[in-house]
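Below is one structure, written out as C-alpha cells; comments come after it.
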Amino acid sequence: MATTHNLGFPRIGGQRELKFALEDYWGGRQTEQELAITAADLRQRHWQQQAGLDYVPVGDFSLYDQVLDMSVTLGNLPIRAASKEGSELDAYFRAARGRGANDSPCCVTAAGEMTKWFDTNYHYIVPELTADTHFELNPERLLTQLSEARKQGLNAKPVIIGPVTYLWLGKTSDGSNPLDLLERLLPVYSQLLKALADAGAEWVQIDEPALVTDLDANWCYAFNLAYHQLKTNRPKLLLATYFGELRDNLQLACELPVAGLHVDAISALAEVSRVADWLPSHKVLSLGVVNGRNIWKSDLNSTLGWLEPLNERLGQRLWLAPTCSLLHVPVDLSREQELDSDIRNWLAFAVQKLDELKILARALNEGRSSVRAELADNQLAIDSRRSSHRVTNPEVRKAVAAATSELGNRQSPYPQRIVRQRERLNLPAFPTTTIGSFPQTREIRQARLQYRKGELSEQAYIEQMRAEIVRCVEEQEKLGLDVLVHGEPERNDMVEYFGEQLDGYAFTRFGWVQSYGSRCVKPPILFGDIRRPQAMTVEWIRYAQSLTDKPVKGMLTGPVTILNWSFVRDDQPRKDSCLQLALAIREEVQDLEKAGVNIIQIDEAALREGLPLRQSDWARYLEWAINSFRIAANGVDDSTQIHTHMCYSEFNDIIEAIARMDADVITIETSRSDMELLDAFRSFEYPNDIGPGVYDIHSPNIPDKEHIINLMTLAAERIPAERLWINPDCGLKTRKWEEVTPALETMVAAARELRS
C-alpha cells in the first residue's frame, strides 16, 4: 500500500490571514497573544485541509521564514537581535526585519541578509556564522506544534532543515569555513531528534536540498559524518531532496543511514529507476509525483504509467508526495470563481494537488477502476489544454521565427553612448534616484478595488491615480532627487500589471503566494503565446514627465523577471516564452522613447533566481536570458539611457554575465550584505554605470547618513566615482511615507556631502 504525505503547506492562509495579523502586530494593533491565536487557528485549518494523508507535516508553519525558525531552534540568532530587551518574538523579528514590534523607531538593528531559496521566488534569512558560533537547543516551537497536531489525532511528521544544508545556506563573516561548525552542531540535532521522539514523533522529515547542487568532497564527507552520527536517534529519518536531480550525489544520498529518501520525480524523473536500484531494500522511497512549484494539473494517467511498475516492485516502501513544500503555490482553486472556466479546468492549487495525490495512491492501492471517473475527468482537462486554440498565436510564432541576435545590439558601445547621455541629461555627480515604486497607500488600494468592482469609473480612477503621481513627483522634487519616477500607483504588482495587458496571460483573485515575511505576490498564469495589443505604460509616464523638468524614468519589468515570477506554461521551453515576452517589452520600450522618455528602466530582479542549481547548466540559461533582455532593451537611440535593477540574490558569481546585459546603468542590492558585491570587482572591472543599493527598504529602519557615505566610499574604491549612482536597494511600495521621506532625505544629504 503506497503511503501519502506532504512536505509542507502554504502558511499565509487562503485569505492572507497571517499577513494581516503580522502587520497588525508590527503596527501595535494586535498583541503577541492575539498573533499566537491566529497562527494556531491557521495551523489547525491547514491540517484539516490535508486530511486523508497518511502523514501531515508539522513545523512547516512559520511566522516569517523556516530557515530563520531553524536558527532559533538551534540557538543561533544574531547577538544584535537577541541581546536587546523584549520578548523572544521581538528578537525573532529584529533578525528578520530589523525591528521588533515593541522597539522604538530610534532603536536600529540591522536585519539579517535575505536571499532566494534555491531557484524559487521565496526569500530566506541567511544564517549568520563565525568560527566562534555556538549552538543551543530551543525546541519549543516544534514541540508546541507537534502537541497541537497530536491532540487533533493527526499522524504528524515534524519537518526540519538538515544540518548540512543549514550550514550550506549560512554565511561566515570572519572567513572561516562553515563546515568547521558541523561537529559542534550535530549534538544539538541529536538532542532535537530525541526531544521529538520523546514527544511521540515516529518519523522526522529532514530537508537536505543541498544534495541537488554541486558539492565538493568536503561537503560530501559532511553528509556522511552527519548522518552516521545521527543514525542512533530513535525517530525514523526521511531525508528530503527537491528542486533538481541528484546526479553525482545519487549514490551518496541512497547510502546515507536514514530510513527513507525523498526525491523530486518531476525534475528528476530520469533518476527514479536508478534511485530505486541503489536504495537498500529496508528503506522507504518517497517520490514527489505532483509538482509543488507550478499550478498545472498533473497528467494522472501518464504518471500512473511509470508509477505502477515501481509500486509492484516496492510495495509498502513506496511513499507519494508533492515534489517539494506547497509553500510555492496558492492555497485553494475552489475560490477562483471569476477565472475563465477553460483555464480554471487546467489548474491545481495546493488543496487540489493533495487531491491528485490521493487519486494516485488509491489507483495504486485499489486499481485504476476505483478512480475511473476521476482519471477520466483529469484526461479531459489534459486533452483540452493540449488542443486549445487559445494557446498558440501564429502571428507571435512568426515574429519569434524572424527574431535574430542582432536585435539585441545597441548602435554604439557604452563609452560612446554614455557621452551622449551625459550631455543630454546633465546630471550631477553621484546622481540620486529610486527604484520605481512609492508607498501603496490604503487610498490607492481602495481605489483599485473600487475600480475593479465597477464602483469607480475609469475616468475617476485615472484622476485619482494622477493625483498620486502629482504627489510623488512633488515629494521627489522637494527631496532633491535627480532622476524621478512616477511612483507606480496604478500598478498592483510589477509582473501582474504587465501580464494583465498581454495576450496569453490569465489572472486569479486569490492566488497569493508568500515571497517573504508578510510579503505576498499573486503570480499571473502564462498559458499561451504572448502578444502586446497596445501600449501599457506610456500615458502614465508621459503625464508624470509633464509635471517636471527633471527626467522621469519609464518603468518596465523585464522579460526574464516576468517569466520567473509567473506560473509558466510547461508545454514549451522557458526560453521560447521568454523571447515572446522580450519582443512585447521591446515594443513598449520603443513607444516610450517615441514619447520623449530619455531614461527607461527595465527591471530584471529575478534574473538570478532562474539560474539552474548546477553550475554546468548556467551558461545555457544565461545565454537565452541575457539575449532576451538585450532584445527587449536595445532597440533605442544611443542618447536614450537604459537602466536595469536586480535585488536579493547573490550576484558575485555571475557579474560578468550581468555586464553582458550592457545596460547603461544597473541598480543592485548591496545594503544587507554590506557591499559584499564589491568583492566581485577585485578581479573584474565592471564596464558601465552602477548604483549599489545603500539602504534596506525591507526594514522599517531609517538609514544613517554616515553609513551611506561609508558604503559609497567603499564602492568608489572599486568603481570610478563618475560611474556611481545612489539609490535604495529596491522599490518603496511596501513602506510608509513617514519612513520613506526621512530615508530619502538622508540619502540625498549623503549624496550632497559626497559631491563636496
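Quick notes
- Yes/no for Ala199 being open to solvent by 20 Å² or more (accessible area, probe 1.4 Å) and farther than 26 Å from Val258 by Cα: no
- Of note, Arg519 does not satisfy the criterion of being open to solvent by 20 Å² or more (accessible area, probe 1.4 Å), of a type in the set (D, E, K, R) and at pLDDT 95 or above.
Residues checked against (1) open to solvent by 30 Å² or more (accessible area, probe 1.4 Å); (2) in contact with a strand residue (DSSP E or B) (Cβ under 7 Å, 6 or more places away or on another chain); (3) within 28 Å of Lys550 (Cβ to Cβ); (4) of a type outside the set (Asp, Glu):
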{"position": "Glu458", "(1), (2), (3), (4)": "yes, no, no, no"}
{"position": "Val483", "(1), (2), (3), (4)": "no, yes, yes, yes"}
{"position": "Tyr497", "(1), (2), (3), (4)": "no, no, yes, yes"}
{"position": "Tyr505", "(1), (2), (3), (4)": "no, yes, no, yes"}
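- For the stretch 698-731, the tally of residues that are open to solvent by less than 10 Å² (accessible area, probe 1.4 Å) and closer than 23 Å to Pro428 by Cβ stands at 11.
Residues checked against (1) over 18 Å from Ala201 (Cα atoms); (2) open to solvent by 40 Å² or more (accessible area, probe 1.4 Å); (3) of a type in the set (Ser, Thr, Tyr):
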{"position": "Ala40", "(1), (2), (3)": "yes, no, no"}
{"position": "Gln48", "(1), (2), (3)": "yes, yes, no"}
{"position": "Leu53", "(1), (2), (3)": "no, no, no"}
{"position": "Gly59", "(1), (2), (3)": "no, no, no"}
{"position": "Leu74", "(1), (2), (3)": "yes, no, no"}
{"position": "Ile79", "(1), (2), (3)": "yes, yes, no"}
{"position": "Lys84", "(1), (2), (3)": "yes, yes, no"}
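- Any hit, the stretch 636-646, residues being modelled with pLDDT of 95 or more and under 16 Å from Lys116 (Cβ atoms): no
- Condition check for Ser173: surrounded by fewer than 23 Cβ atoms within 10 Å (Cβ to Cβ), at pLDDT below 95 and not acidic (Asp, Glu): yes
- Residue check, Asp332 touching a residue at least 24 places away in the same chain (Cβ under 8 Å), farther than 19 Å from Gly244 by Cβ and not assigned by the TED database to the domain that holds Arg614: yes
- Here the condition is being more than 30 Å from Thr746 (Cβ to Cβ), open to solvent by 30 Å² or more (accessible area, probe 1.4 Å) and not in a helix (DSSP H, G or I); of Gln416, Gln411, it holds for Gln411 alone.
- First in the stretch 688-704 and farther than 13 Å from Asp729 by Cβ and of a type in the set (D, E, K, R), second anywhere and open to solvent by 20 Å² or more (accessible area, probe 1.4 Å) and assigned to a loop (DSSP other than H, G, I, E, B), Cβ under 9 Å, 6 or more apart: Asp704/Val108
- Of the residues making up the stretch 5-33, those that are surrounded by fewer than 21 Cβ atoms within 10 Å (Cβ to Cβ) and not in a loop (DSSP other than H, G, I, E, B) number 8.
- The condition (being more than 21 Å from Val521 (Cβ to Cβ) and either in contact with a His (Cβ under 8 Å, 6 or more places away or on another chain) or in a loop (DSSP other than H, G, I, E, B) (or both)) is satisfied by just one residue among Ala36, Ala51: Ala51.
- Residue check, Ala197 touching a strand residue (DSSP E or B) at 6+ places or on another chain (Cβ under 9 Å) and either assigned by the TED database to the domain that holds His134 or part of a helix (DSSP H, G or I) (or both): yes
- Boolean, Gln44 is open to solvent by 10 Å² or more (accessible area, probe 1.4 Å), out of contact with any strand residue (DSSP E or B) (no Cβ under 8 Å at 6 or more places or on another chain) and in a loop (DSSP other than H, G, I, E, B): no
Here is a yes/no grid of residues against (1) more than 19 Å from the chain's Cα centre (by Cα); (2) buried (at least 22 other Cβ atoms within 10 Å of the Cβ); (3) within 22 Å of Thr432 (Cβ to Cβ):
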position: Tyr543; (1), (2), (3): yes, no, no
position: Asn564; (1), (2), (3): no, yes, no
position: Gln572; (1), (2), (3): yes, no, no
position: Gln580; (1), (2), (3): yes, yes, no
position: Arg586; (1), (2), (3): yes, yes, no
position: Lys594; (1), (2), (3): yes, no, no
position: Gln601; (1), (2), (3): yes, yes, yes
position: His645; (1), (2), (3): no, yes, yes
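- Residue satisfying all of: in the stretch 360-408; part of a helix (DSSP H, G or I), among the charged types (D, E, K, R) and closer than 28 Å to Ser628 by Cβ; nearest to the chain's Cα centre (by Cα) among these: Arg385
- The condition (being more than 30 Å from Arg344 (Cα to Cα), assigned to a helix (DSSP H, G or I) and either open to solvent by 100 Å² or more (accessible area, probe 1.4 Å) or aliphatic (A, V, I, L, M) (or both)) is satisfied by just one residue among Ile444, Ile462: Ile462.
The values are calculated or read from the model by the stated rules, or taken from the named source; none is laboratory data. As the structure is a prediction and not an experimental result, all values here were calculated from the model. Here the Cβ is made from the backbone with ideal geometry for all residues, glycine too, and neighbour counts use every protein chain on show. Accessible surface areas use protein heavy atoms only, side chains included; no ligands, DNA or RNA. Shrake-Rupley method; radii C 1.70, N 1.55, O 1.52, S 1.80 Å.
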